[in-house]
Amino acid sequence: MERVKLGIIGLGLAWERLHAPALSRLQDRYEIVAVCDADGAKAKSVAQFLGLAEDSWYYDYNKMLARKDIEAVESLVPISGNYEAAEAVIRSGKHLIAEKPLASTLEAAQELIKLRDKKKVQVMVAENVRYEEQNILLKNLITGGHIGNPIYFIDNHVVEYRQESERGGFGQTDWRQHPDFKGGVIMDSGVHHVARMRFLFGDATSVFAHGRPSEIDFAPYSCINGLLQFPGNVMGHYAFLLIGKETQAPLVGLRIFGTHGEIYLEEPNCGYVNVTYKENTNSTAISYNPGQGYFLELENFHAALRHGAKIESTPEKALGDIATVFAIIESARLSEAVNPKNVGKISQSYILPKVTSYPGARTAAKMNT
(Lines give C-alpha, C1' and ligand atoms only; values in the text may rest on other atoms or scores of the structure.)
Protein backbone atom coordinates (compact mmCIF):
# COMPACT_ATOMS: atom_id res chain seq x y z
CA MET A 1 0.00 0.00 0.00
CA GLU A 2 1.45 3.36 -1.03
CA ARG A 3 1.97 5.53 2.02
CA VAL A 4 1.17 9.25 2.21
CA LYS A 5 4.21 11.31 3.18
CA LEU A 6 2.94 13.51 5.98
CA GLY A 7 4.11 16.66 7.76
CA ILE A 8 2.74 17.66 11.18
CA ILE A 9 2.18 21.26 12.35
CA GLY A 10 1.53 21.57 16.09
CA LEU A 11 2.70 18.99 18.62
CA GLY A 12 0.51 19.81 21.61
CA LEU A 13 -2.16 17.80 23.39
CA ALA A 14 -4.20 16.99 20.29
CA TRP A 15 -1.11 15.46 18.71
CA GLU A 16 0.02 13.61 21.82
CA ARG A 17 -3.33 12.19 22.94
CA LEU A 18 -5.37 11.83 19.75
CA HIS A 19 -3.56 11.98 16.44
CA ALA A 20 -0.22 10.34 17.25
CA PRO A 21 -1.89 7.18 18.62
CA ALA A 22 -4.13 6.96 15.54
CA LEU A 23 -1.20 7.42 13.15
CA SER A 24 0.77 4.75 15.00
CA ARG A 25 -1.95 2.28 13.92
CA LEU A 26 -1.69 3.42 10.31
CA GLN A 27 2.01 3.09 9.61
CA ASP A 28 1.18 1.12 6.48
CA ARG A 29 -0.65 4.19 5.10
CA TYR A 30 1.24 7.20 6.44
CA GLU A 31 4.92 8.05 6.72
CA ILE A 32 5.68 11.08 8.88
CA VAL A 33 8.62 12.85 7.25
CA ALA A 34 8.72 16.18 9.13
CA VAL A 35 7.27 17.85 12.23
CA CYS A 36 6.90 21.48 13.29
CA ASP A 37 6.12 23.30 16.50
CA ALA A 38 6.76 26.85 17.70
CA ASP A 39 8.65 25.20 20.55
CA GLY A 40 11.71 24.03 18.66
CA ALA A 41 12.89 21.80 21.50
CA LYS A 42 9.59 19.94 21.42
CA ALA A 43 9.77 19.57 17.63
CA LYS A 44 13.31 18.19 17.87
CA SER A 45 12.32 15.77 20.64
CA VAL A 46 9.33 14.43 18.69
CA ALA A 47 11.41 14.09 15.53
CA GLN A 48 14.02 12.07 17.44
CA PHE A 49 11.31 9.90 19.01
CA LEU A 50 9.88 9.18 15.56
CA GLY A 51 13.34 8.38 14.21
CA LEU A 52 13.33 11.21 11.66
CA ALA A 53 16.41 12.71 10.09
CA GLU A 54 18.17 15.57 11.86
CA ASP A 55 16.84 18.12 9.33
CA SER A 56 13.22 17.01 9.71
CA TRP A 57 12.05 19.26 12.56
CA TYR A 58 11.04 22.92 12.33
CA TYR A 59 9.67 25.81 14.40
CA ASP A 60 8.56 27.72 11.25
CA TYR A 61 5.98 25.78 9.25
CA ASN A 62 6.58 27.87 6.14
CA LYS A 63 10.08 26.40 5.96
CA MET A 64 8.71 22.89 6.42
CA LEU A 65 6.15 23.46 3.65
CA ALA A 66 8.99 24.19 1.21
CA ARG A 67 9.98 20.51 1.33
CA LYS A 68 9.25 18.58 -1.85
CA ASP A 69 8.82 15.22 -0.13
CA ILE A 70 5.71 16.24 1.85
CA GLU A 71 2.44 15.28 0.14
CA ALA A 72 -0.01 16.20 2.89
CA VAL A 73 0.01 18.09 6.18
CA GLU A 74 -1.90 17.65 9.41
CA SER A 75 -2.42 21.02 11.11
CA LEU A 76 -3.06 20.87 14.86
CA VAL A 77 -2.74 24.48 16.00
CA PRO A 78 -4.94 26.60 18.33
CA ILE A 79 -8.25 27.75 16.87
CA SER A 80 -7.24 31.36 16.22
CA GLY A 81 -4.30 30.05 14.16
CA ASN A 82 -6.29 27.52 12.11
CA TYR A 83 -6.90 29.86 9.18
CA GLU A 84 -3.32 31.03 8.81
CA ALA A 85 -1.81 27.53 8.99
CA ALA A 86 -4.42 26.06 6.65
CA GLU A 87 -3.93 28.87 4.14
CA ALA A 88 -0.17 28.31 4.10
CA VAL A 89 -0.58 24.57 3.57
CA ILE A 90 -3.10 24.93 0.74
CA ARG A 91 -1.04 27.67 -0.98
CA SER A 92 1.94 25.32 -0.92
CA GLY A 93 -0.10 22.88 -3.01
CA LYS A 94 -0.20 20.20 -0.34
CA HIS A 95 -3.26 18.28 0.81
CA LEU A 96 -4.53 19.17 4.27
CA ILE A 97 -6.03 17.58 7.36
CA ALA A 98 -7.27 20.66 9.24
CA GLU A 99 -8.25 20.76 12.89
CA LYS A 100 -11.79 21.78 13.77
CA PRO A 101 -13.22 24.32 13.44
CA LEU A 102 -11.83 25.04 9.98
CA ALA A 103 -11.42 28.70 10.97
CA SER A 104 -12.61 31.01 13.71
CA THR A 105 -14.85 33.08 11.42
CA LEU A 106 -17.23 32.30 8.58
CA GLU A 107 -15.35 34.62 6.27
CA ALA A 108 -12.06 32.83 6.88
CA ALA A 109 -13.61 29.39 6.32
CA GLN A 110 -15.17 30.57 3.06
CA GLU A 111 -11.80 31.89 1.89
CA LEU A 112 -10.17 28.52 2.56
CA ILE A 113 -12.82 26.71 0.52
CA LYS A 114 -12.19 29.06 -2.41
CA LEU A 115 -8.44 28.55 -2.09
CA ARG A 116 -8.85 24.76 -1.97
CA ASP A 117 -10.80 24.85 -5.22
CA LYS A 118 -8.21 27.11 -6.84
CA LYS A 119 -5.27 24.94 -5.80
CA LYS A 120 -7.16 21.69 -6.48
CA VAL A 121 -6.04 19.97 -3.28
CA GLN A 122 -7.91 17.66 -0.92
CA VAL A 123 -8.93 19.11 2.45
CA MET A 124 -10.48 17.16 5.30
CA VAL A 125 -11.58 18.76 8.56
CA ALA A 126 -10.68 16.47 11.46
CA GLU A 127 -14.16 16.42 12.97
CA ASN A 128 -14.01 13.00 14.56
CA VAL A 129 -17.74 12.83 15.45
CA ARG A 130 -18.54 12.21 11.78
CA TYR A 131 -16.44 9.03 11.97
CA GLU A 132 -17.23 7.69 15.44
CA GLU A 133 -18.88 4.26 15.34
CA GLN A 134 -21.67 5.22 17.76
CA ASN A 135 -22.72 8.18 15.61
CA ILE A 136 -22.75 6.10 12.44
CA LEU A 137 -24.84 3.54 14.33
CA LEU A 138 -27.25 6.26 15.48
CA LYS A 139 -27.61 7.58 11.94
CA ASN A 140 -28.28 4.12 10.54
CA LEU A 141 -30.94 3.49 13.20
CA ILE A 142 -32.65 6.77 12.33
CA THR A 143 -32.49 6.45 8.54
CA GLY A 144 -33.42 2.77 8.78
CA GLY A 145 -36.69 3.67 10.48
CA HIS A 146 -36.01 1.67 13.65
CA ILE A 147 -37.94 4.17 15.79
CA GLY A 148 -40.21 5.41 13.01
CA ASN A 149 -39.94 9.07 12.08
CA PRO A 150 -37.78 11.14 14.44
CA ILE A 151 -39.75 13.84 16.23
CA TYR A 152 -37.62 15.29 19.02
CA PHE A 153 -34.26 14.86 20.73
CA ILE A 154 -32.47 15.97 23.88
CA ASP A 155 -28.72 16.53 23.62
CA ASN A 156 -27.33 17.32 27.08
CA HIS A 157 -23.70 18.11 27.93
CA VAL A 158 -22.46 18.91 31.43
CA VAL A 159 -18.85 19.49 32.47
CA GLU A 160 -16.99 21.24 35.26
CA TYR A 161 -14.60 22.82 32.80
CA ARG A 162 -12.25 24.51 35.24
CA GLN A 163 -11.95 21.36 37.33
CA GLU A 164 -11.37 19.16 34.28
CA SER A 165 -8.66 21.57 33.16
CA GLU A 166 -6.92 21.42 36.50
CA ARG A 167 -6.93 17.62 36.29
CA GLY A 168 -4.99 17.65 33.04
CA GLY A 169 -7.82 17.99 30.52
CA PHE A 170 -7.52 19.82 27.22
CA GLY A 171 -8.68 23.04 28.90
CA GLN A 172 -5.35 23.35 30.71
CA THR A 173 -3.87 25.19 27.72
CA ASP A 174 -3.64 28.96 28.02
CA TRP A 175 -5.33 29.61 24.68
CA ARG A 176 -8.42 27.70 25.86
CA GLN A 177 -8.46 29.38 29.28
CA HIS A 178 -8.17 32.84 27.70
CA PRO A 179 -9.45 32.44 24.10
CA ASP A 180 -9.02 35.16 21.49
CA PHE A 181 -11.71 33.70 19.21
CA LYS A 182 -15.48 34.10 19.36
CA GLY A 183 -17.34 31.69 21.61
CA GLY A 184 -14.45 30.21 23.59
CA VAL A 185 -15.29 26.72 24.83
CA ILE A 186 -18.75 26.95 23.24
CA MET A 187 -16.95 26.98 19.89
CA ASP A 188 -14.10 24.65 20.84
CA SER A 189 -16.29 21.89 22.36
CA GLY A 190 -19.72 22.94 21.15
CA VAL A 191 -18.70 22.56 17.52
CA HIS A 192 -18.47 18.80 18.18
CA HIS A 193 -21.99 18.78 19.58
CA VAL A 194 -23.31 20.73 16.60
CA ALA A 195 -21.44 18.53 14.12
CA ARG A 196 -23.12 15.44 15.57
CA MET A 197 -26.57 17.02 15.42
CA ARG A 198 -26.04 18.01 11.79
CA PHE A 199 -24.59 14.58 10.96
CA LEU A 200 -27.73 12.92 12.32
CA PHE A 201 -30.47 15.35 11.31
CA GLY A 202 -29.16 17.66 8.56
CA ASP A 203 -28.85 21.45 8.52
CA ALA A 204 -30.65 23.33 11.27
CA THR A 205 -33.24 25.69 9.81
CA SER A 206 -33.85 27.72 12.98
CA VAL A 207 -32.18 28.23 16.35
CA PHE A 208 -33.60 29.92 19.45
CA ALA A 209 -31.24 30.02 22.41
CA HIS A 210 -30.77 31.55 25.83
CA GLY A 211 -27.52 31.79 27.75
CA ARG A 212 -26.49 32.46 31.34
CA PRO A 213 -23.96 35.29 31.07
CA SER A 214 -20.78 34.70 33.00
CA GLU A 215 -17.55 36.40 33.93
CA ILE A 216 -15.52 33.28 33.20
CA ASP A 217 -12.78 33.90 30.66
CA PHE A 218 -13.20 30.70 28.69
CA ALA A 219 -16.79 31.27 27.44
CA PRO A 220 -19.37 34.06 27.13
CA TYR A 221 -21.98 31.89 28.88
CA SER A 222 -21.63 29.39 31.71
CA CYS A 223 -24.75 27.63 30.42
CA ILE A 224 -26.41 27.84 27.03
CA ASN A 225 -29.69 26.22 25.98
CA GLY A 226 -31.12 26.11 22.51
CA LEU A 227 -34.16 24.82 20.65
CA LEU A 228 -33.18 23.80 17.13
CA GLN A 229 -35.39 22.89 14.19
CA PHE A 230 -34.22 20.47 11.48
CA PRO A 231 -35.65 19.20 8.17
CA GLY A 232 -38.80 17.11 8.58
CA ASN A 233 -39.80 19.35 11.48
CA VAL A 234 -37.49 17.46 13.84
CA MET A 235 -37.04 19.52 17.02
CA GLY A 236 -34.05 19.29 19.31
CA HIS A 237 -33.21 20.65 22.75
CA TYR A 238 -29.47 21.30 23.12
CA ALA A 239 -27.92 22.16 26.49
CA PHE A 240 -24.28 22.84 27.39
CA LEU A 241 -23.41 23.55 31.04
CA LEU A 242 -19.78 24.44 31.72
CA ILE A 243 -19.80 24.75 35.50
CA GLY A 244 -21.62 21.62 36.62
CA LYS A 245 -21.37 17.90 37.14
CA GLU A 246 -24.01 15.22 36.66
CA THR A 247 -24.36 13.39 39.98
CA GLN A 248 -27.27 11.16 38.93
CA ALA A 249 -27.03 7.98 36.89
CA PRO A 250 -27.71 7.29 34.15
CA LEU A 251 -26.74 10.57 32.47
CA VAL A 252 -29.29 12.45 30.40
CA GLY A 253 -27.04 12.08 27.36
CA LEU A 254 -28.59 11.96 23.90
CA ARG A 255 -32.20 10.76 23.65
CA ILE A 256 -33.93 10.61 20.27
CA PHE A 257 -37.70 10.16 20.25
CA GLY A 258 -39.50 8.78 17.21
CA THR A 259 -43.05 7.83 16.31
CA HIS A 260 -42.40 4.20 17.34
CA GLY A 261 -39.61 4.30 19.90
CA GLU A 262 -36.55 5.91 21.41
CA ILE A 263 -32.77 5.76 20.96
CA TYR A 264 -30.52 6.51 23.94
CA LEU A 265 -26.76 7.09 24.09
CA GLU A 266 -25.59 7.84 27.63
CA GLU A 267 -22.17 9.16 26.62
CA PRO A 268 -19.70 8.52 23.77
CA ASN A 269 -17.50 6.01 25.60
CA CYS A 270 -20.19 3.85 27.22
CA GLY A 271 -19.94 1.23 24.45
CA TYR A 272 -23.60 0.62 23.66
CA VAL A 273 -26.71 2.32 22.26
CA ASN A 274 -30.13 1.46 23.73
CA VAL A 275 -33.23 1.20 21.53
CA THR A 276 -36.67 0.91 23.14
CA TYR A 277 -40.15 0.74 21.61
CA LYS A 278 -43.54 2.25 22.46
CA GLU A 279 -45.60 -0.83 21.68
CA ASN A 280 -43.76 -3.24 23.98
CA THR A 281 -41.26 -3.35 26.80
CA ASN A 282 -38.51 -4.97 24.74
CA SER A 283 -35.23 -3.13 24.43
CA THR A 284 -32.09 -3.68 22.43
CA ALA A 285 -28.56 -2.77 23.49
CA ILE A 286 -26.28 -2.48 20.46
CA SER A 287 -22.56 -2.47 21.18
CA TYR A 288 -19.91 -0.44 19.38
CA ASN A 289 -16.19 0.20 19.67
CA PRO A 290 -15.71 3.71 21.15
CA GLY A 291 -12.92 6.15 20.38
CA GLN A 292 -12.30 5.15 16.76
CA GLY A 293 -13.01 8.51 15.14
CA TYR A 294 -9.43 9.73 14.82
CA PHE A 295 -8.31 6.43 13.30
CA LEU A 296 -11.25 6.27 10.87
CA GLU A 297 -10.90 9.87 9.70
CA LEU A 298 -7.25 9.26 8.81
CA GLU A 299 -8.25 6.06 7.06
CA ASN A 300 -10.80 8.06 5.04
CA PHE A 301 -8.22 10.70 4.09
CA HIS A 302 -5.77 8.08 2.84
CA ALA A 303 -8.52 6.43 0.80
CA ALA A 304 -9.42 9.83 -0.69
CA LEU A 305 -5.83 10.47 -1.80
CA ARG A 306 -5.07 6.96 -3.04
CA HIS A 307 -8.41 5.59 -4.21
CA GLY A 308 -10.59 8.61 -4.92
CA ALA A 309 -12.89 8.00 -1.96
CA LYS A 310 -15.30 10.70 -0.86
CA ILE A 311 -14.21 12.70 2.18
CA GLU A 312 -16.91 12.55 4.84
CA SER A 313 -15.87 15.63 6.84
CA THR A 314 -15.56 18.33 4.19
CA PRO A 315 -14.81 22.05 4.64
CA GLU A 316 -18.37 22.78 3.50
CA LYS A 317 -19.76 20.72 6.39
CA ALA A 318 -17.32 22.40 8.77
CA LEU A 319 -18.55 25.79 7.55
CA GLY A 320 -22.10 24.74 8.43
CA ASP A 321 -20.93 23.67 11.89
CA ILE A 322 -19.34 27.07 12.51
CA ALA A 323 -22.43 28.91 11.28
CA THR A 324 -24.68 26.88 13.59
CA VAL A 325 -22.50 27.53 16.66
CA PHE A 326 -22.54 31.24 15.85
CA ALA A 327 -26.32 31.09 15.38
CA ILE A 328 -26.69 29.62 18.89
CA ILE A 329 -24.48 32.32 20.38
CA GLU A 330 -26.16 35.11 18.39
CA SER A 331 -29.64 33.90 19.29
CA ALA A 332 -28.72 33.98 22.98
CA ARG A 333 -27.33 37.50 22.56
CA LEU A 334 -30.35 38.80 20.63
CA SER A 335 -33.08 36.73 22.36
CA GLU A 336 -34.60 35.88 19.01
CA ALA A 337 -34.61 33.00 16.53
CA VAL A 338 -31.74 32.83 14.06
CA ASN A 339 -31.36 30.86 10.83
CA PRO A 340 -27.74 29.64 10.59
CA LYS A 341 -27.76 30.48 6.87
CA ASN A 342 -28.31 34.13 7.76
CA VAL A 343 -25.98 34.39 10.72
CA GLY A 344 -23.31 36.32 8.80
CA LYS A 345 -25.82 39.05 7.95
CA ILE A 346 -26.97 39.67 11.51
CA SER A 347 -23.94 41.43 12.92
CA GLN A 348 -21.13 41.61 10.38
CA SER A 349 -18.60 43.42 12.53
CA TYR A 350 -19.46 41.37 15.62
CA ILE A 351 -19.11 37.95 14.00
CA LEU A 352 -16.81 38.47 11.03
CA PRO A 353 -13.66 40.48 11.69
CA LYS A 354 -11.39 40.68 8.69
CA VAL A 355 -9.29 37.60 8.04
CA THR A 356 -6.14 39.72 7.96
CA SER A 357 -6.74 40.75 11.58
CA TYR A 358 -5.88 37.31 12.89
CA PRO A 359 -2.67 37.34 14.95
CA GLY A 360 -0.70 34.70 13.08
CA ALA A 361 2.67 35.44 14.62
CA ARG A 362 1.15 35.50 18.09
CA THR A 363 -0.73 32.23 17.71
CA ALA A 364 2.29 30.54 16.20
CA ALA A 365 4.26 31.50 19.28
CA LYS A 366 1.87 29.58 21.54
CA MET A 367 1.15 26.60 19.30
CA ASN A 368 -0.11 24.00 21.73
CA THR A 369 -3.38 22.21 21.09
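Structure notes:
- Some residue of the stretch 222-229 being in contact (Cβ under 8 Å) with a residue 24 or more places away in the chain, over 25 Å from A323 (Cβ atoms), of a type in the set (S, T, N, Q) and assigned by TED's automatic domain parsing to the domain that holds M187: no
- Considering only residues in the stretch 1-26 that are surrounded by fewer than 23 Cβ atoms within 10 Å (Cβ to Cβ) and in contact with a Lys or Arg (Cβ under 8 Å, 6 or more places away or on another chain), the one that is farthest from E84 (Cα to Cα) turns out to be M1.
- The requirement of being out of contact with any Cys (no Cβ under 7 Å at 6 or more places or on another chain), free of Cβ contacts under 8 Å to residues at least 12 places away in the same chain, small (G, A, S) and not assigned by TED's automatic domain parsing to the domain that holds S189 is not satisfied by S75.
- Test result for A98, part of a helix (DSSP H, G or I) and within 28 Å of D39 (Cα to Cα): no
- Residue within the stretch 333-351 that is crowded, with 18+ Cβ neighbours inside 10 Å, in a loop (DSSP other than H, G, I, E, B), modelled with pLDDT under 50 and not charged (D, E, K, R) present: no
- Of all the numbered requirements in (1) of a type in the set (F, W, Y); (2) in the same structural domain as Y161 (by TED's automatic domain parsing); (3) closer than 28 Å to T105 by Cα, F301 misses one, and that requirement is (2).
- In the stretch 292-332, the residues that are assigned to a loop (DSSP other than H, G, I, E, B) and either in contact with a Gly (Cβ under 8 Å, 6 or more places away or on another chain) or in contact (Cβ under 8 Å) with a residue 24 or more places away in the chain (or both): Q292, I311, E312, S313, T314
- Options T173, T247, T259; residue that is surrounded by fewer than 16 Cβ atoms within 10 Å (Cβ to Cβ), out of contact with any strand residue (DSSP E or B) (no Cβ under 6 Å at 6 or more places or on another chain) and of a type in the set (S, T, Y): T247
Every residue, every condition in (1) in a loop (DSSP other than H, G, I, E, B); (2) in contact with a helix residue (DSSP H, G or I) (Cβ under 7 Å, 6 or more places away or on another chain); (3) within 15 Å of A126 (Cα to Cα); (4) at pLDDT below 95, yes or no:
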residue	(1), (2), (3), (4)
R17	no, no, yes, no
K42	no, no, no, no
K63	no, no, no, no
E87	no, yes, no, no
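- When the stretch 19-40 is limited to residues that are in a helix (DSSP H, G or I), touching a residue at least 12 places away in the same chain (Cβ under 8 Å) and small (G, A, S), the one that is farthest from K63 (Cα to Cα) turns out to be A22.
- Residue match in the stretch 152-166 (condition: without any contact (Cβ under 8 Å) to a residue 24 or more places away in the chain, among the charged types (D, E, K, R), outside the structural domain of V275 (by TED's automatic domain parsing) and surrounded by fewer than 21 Cβ atoms within 10 Å (Cβ to Cβ)): no
- In the set (1) free of Cβ contacts under 8 Å to residues at least 24 places away in the same chain; (2) in contact with a strand residue (DSSP E or B) (Cβ under 7 Å, 6 or more places away or on another chain); (3) of a type in the set (D, E), the condition left unmet by E99 is number (1).
- Any hit, the stretch 200-212, residues being part of a helix (DSSP H, G or I) and surrounded by 15 or more Cβ atoms within 10 Å (Cβ to Cβ): yes
- Residue among L138, L112 that is in the same structural domain as E262 (by TED's automatic domain parsing), part of a helix (DSSP H, G or I) and buried (at least 21 other Cβ atoms within 10 Å of the Cβ): L138
The values are calculated or read from the model by the stated rules, or taken from the named source; none is laboratory data. In this text the structure is predicted, and so the values were computed from the model without any measurement. Note that we place each Cβ from the backbone using ideal geometry, even for glycine, and neighbour counts take in every protein chain shown.
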